[in-house]
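For reference, the structure is listed below as structure tokens.
The values are calculated or read from the model by the stated rules, or taken from the named source; none is laboratory data. In this text the structure is predicted, and so the values were computed from the model without any measurement. All Cβ positions, even for glycine, are placed from backbone atoms using ideal geometry, and neighbour counts span all protein chains on display.
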Amino acid sequence: MEVMADRGDGPSVEGSAGMIAEIRAPGPRPLRLLEWKVSVGAAVQIGSVLALCAPLPPAPRPATAAPPPAASGASTRAQRAGPERKLKAERPGVVRELCVRPGQVIAPGGVLVRLEGCSHPVVMKGLCAECGQDLTQIRSKNGKQNVPLSTATVSMVHSVPELKVSSEQAEQLGREDQQRLHRNRKLVLMVDLDQTLIHTTEQHCQQMSNKGIFHFQLGRGEPMLHTRLRPHCKEFLEKIAKLYELHVFTFGSRLYAHTIAGTARVSLQGMILRVCSNS
């Protein structure tokens, strides 16, 4: 059982950040909290176990006869509380407040825990990497809404454009990159790919030696491309890689960039660390 409360300034949208869900004790009997399975700040998914509880028996009716003297202590304890019960989350979110202490009895409808809606800081192909929620289904359910479902707007991995992170995550990763460069005592060197490290053409010369030339197509029906490393490219990269972290970029398409990176990786000895393109 849960009650929604919007702590933002805009309209409430399922799955949006700032939405607070109050998870309440289900009825009809009081519950004794035995153990929390989550802590403040923990991210939970649908079906995650929040706590272990034990339902208490209903209030005893006025006694009409003395209880049988043969009642044992074990059976009396069994009457005091029912079997353990797992309370599970019905929505994803982040635990913001645990409202009950272990051992405390809570009445039906009492607030157990408050969850804040996940901000979905890391999204891969429409799925939140934090809570596992399918954002495409939420968009389809809610229709056109001005409230953003996710804070993930920055594409971090060139070869995986579907992976996006929030600006906060991107800044943190940037700081980690900077710290790594400081530890390695290196700067970043941007190296152009075309007409600098390699030459690519659609024209094939029959008199041209095939040594060091890579032949490939970007797709069925596409023209055959011929790429050759410039002289002394390997020796240059071997020396410069000791001083810099190499970032190779091109104004070609994404597919072209990664085809070149994969095709020429052996000759470049894996020194193409990051390939950027205009698409």
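May I ask you to say which residue of Val266, Val248 is modelled with pLDDT under 85 and either of a type in the set (S, T, N, Q) or under 24 Å from Gln178 (Cβ atoms) (or both)?
One residue alone meets the criteria, Val248.
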It is to be established whether one or more residues within segment 161-174 are in a loop (DSSP other than H, G, I, E, B) and assigned by TED's automatic domain parsing to the domain that holds Met124. yes
Which residue pairs have Cβ atoms under 9 Å apart, sit 6 or more places apart or on different chains, and have a first residue in segment 217-242 that is closer than 14 Å to Leu189 by Cβ and a second that is at pLDDT below 85 and in a helix (DSSP H, G or I)? Leu237/Leu268
Do the conditions hold for Arg101, that is, is it part of a loop (DSSP other than H, G, I, E, B), basic (Lys, Arg) and at pLDDT below 85? no
Scan segment 121-141 for residues that are at pLDDT below 70 and loosely packed, with under 15 Cβ neighbours inside 10 Å and report the count. 2
